[in-house]
1. Can you find a residue in the range 105-118 that is within 25 Å of the chain's Cα centre (by Cα), assigned to a strand (DSSP E or B) and assigned by TED's automatic domain parsing to the domain that holds residue 62?
2. Given the condition surrounded by 22 or more Cβ atoms within 10 Å (Cβ to Cβ) and within 30 Å of residue 273 (Cα to Cα), answer yes or no: does some residue in the range 72-94 qualify?
3. If you take the residues in the range 46-56 that are within 14 Å of the ligand (Cβ to nearest atom) and surrounded by fewer than 21 Cβ atoms within 10 Å (Cβ to Cβ), which one is farthest from residue 141 (Cα to Cα)?
4. Scan the range 130-140 and give yes if some residue there is surrounded by fewer than 21 Cβ atoms within 10 Å (Cβ to Cβ), modelled with pLDDT under 95 and part of a strand (DSSP E or B), otherwise no.
5. Could you tell me whether the range 60-79 includes any residue that is modelled with pLDDT under 85, within 14 Å of the ligand (Cβ to nearest atom) and out of contact with any Pro (no Cβ under 9 Å at 6 or more places or on another chain)?
6. Please count how many residues of the range 181-235 are within 22 Å of residue 170 (Cα to Cα) and aromatic (Phe, Trp, Tyr).
7. For the range 251-267, what are the residues that are outside any loop (DSSP other than H, G, I, E, B) and at pLDDT 85 or above?
8. Go through the range 153-162 and give me each residue that's in a loop (DSSP other than H, G, I, E, B) and away from the ligand (no atom under 14 Å from the Cβ).
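The values are calculated or read from the model by the stated rules, or taken from the named source; none is laboratory data. This structure is a prediction, so every number in the text was calculated from the model and none was measured. Note that we place each Cβ from the backbone using ideal geometry, even for glycine, and neighbour counts take in every protein chain shown.
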Amino acid sequence: MKNCLSLLLLFILAVLSTGRAWAEVIWPLPGKPAVVLNTLSTLQFYGPTPGFHHGLDLAAPAGTPVVAPVSGSVETGHYYKRKSDYTYEIAITTSDGDRWELHHIDPDDIPPEIERRADAGGKVTAGAHLGRIYDASAIGIEPHLHINILSAQGMYLNPFIALSDLGDEVAPTVSETWWAEPKGDRYVEVEALVPGEFVLVIDAFDIAPGEFGRQSLYRMRVRQEGETIFEFQFDALPHPSFLEGTNEIYFLGELKTRDGQILRSEVQNDRRFLYAVPVKIPSADPPEIEIVTEDFAGNTSRHRLRGEVSD
Ligand SMILES: [Zn+2]
């Protein structure tokens, strides 16, 4: 819980320090498409340990032109040591020191002028044509633009801070909750709750514009008998691969439910985002819990439970 609070403090500091020259950010894709595939806080399993996605994925057809969202010095190269056409990026560092990294631009279609400026340590102006979206469908990936905003302090900022105009009007949803043993993998019946420490596992997601499906949450606050016991807000992530926060927030174990189902936080297959909230139960009465979830556009939903009974 202490880790969670210090993480929260980092998020808040990051928000306070974002008084940037972003008023003139230009949408990097034409027509403001807003089909969101992944967000800053999407949990991903690309290795033995899961990690945050760190950026924003906007789906767009292969060949879609990309323009510079901000002005600044330009670099081109590969963001990953195993180079492929898919791992090409154009990065722009603004006068504030923020580095905007645009991934999955087709390396064979970069305007010579951009290459020349990148080689010479030159600058680009917001709105300059940078290239086109790489056709990743050949390797089984939906073509998209990935945007990181890396601050000079090494924080990954939530691109929604600068690209918030998504037209999102649908609040997040809490689809189900379970009680579990603190370190175990067993679902605990509400009737079996005794005074002590348990974990409230919350299956919650946000529907971002574009109807792609479930996204991880931007913000969650959990109250017990009116008092906040758990809170997170993904305005920024520590750099480079800070996993403590993942373990604090996502439920990473297996949960065996009453009907024998085994549940996991798993985004590659069913995009199920399970959040783990440690709860101290003071008496034999099921505690009164309220879960408040919010998306970046400010759409809020409230979910109350006394035990498993929600309204
Ligand atoms: Zn991505």
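1. Taking the range 105-118 first, the residues within 25 Å of the chain's Cα centre (by Cα) are 105-106.
Among the residues that remain, those that are also assigned to a strand (DSSP E or B) are: 105.
From what is left, the residues that are assigned by TED's automatic domain parsing to the domain that holds residue 62 are 105.
Looking for residues that are within 25 Å of the chain's Cα centre (by Cα), assigned to a strand (DSSP E or B) and assigned by TED's automatic domain parsing to the domain that holds residue 62, one finds at least one in the range 105-118, hence yes.
2. So far as the range 72-94 goes, yes, one or more of its residues are surrounded by 22 or more Cβ atoms within 10 Å (Cβ to Cβ) and within 30 Å of residue 273 (Cα to Cα).
3. Our first condition is that a residue be within 14 Å of the ligand (Cβ to nearest atom); within the range 46-56, this holds for 46, 51-56.
Those left that are additionally surrounded by fewer than 21 Cβ atoms within 10 Å (Cβ to Cβ): 46, 51.
Values: 46: 14, 51: 19 Å.
Out of the qualifying residues, it is 51.
4. no
5. Start the filter on the range 60-79 by keeping residues that are modelled with pLDDT under 85, which leaves 79.
Add one more test, that the residue is within 14 Å of the ligand (Cβ to nearest atom), and what stays is 79.
Remaining after also requiring out of contact with any Pro (no Cβ under 9 Å at 6 or more places or on another chain): 79.
Within the range 60-79, one or more residues are modelled with pLDDT under 85, within 14 Å of the ligand (Cβ to nearest atom) and out of contact with any Pro (no Cβ under 9 Å at 6 or more places or on another chain).
6. 5
7. Within the range 251-267, 255, 256, 262, 263 meet the criteria.
8. Start the filter on the range 153-162 by keeping residues that are in a loop (DSSP other than H, G, I, E, B), which leaves 153-155, 158, 162.
Answer for the range 153-162, where residues must be in a loop (DSSP other than H, G, I, E, B) and away from the ligand (no atom under 14 Å from the Cβ): 153, 154, 155, 162.
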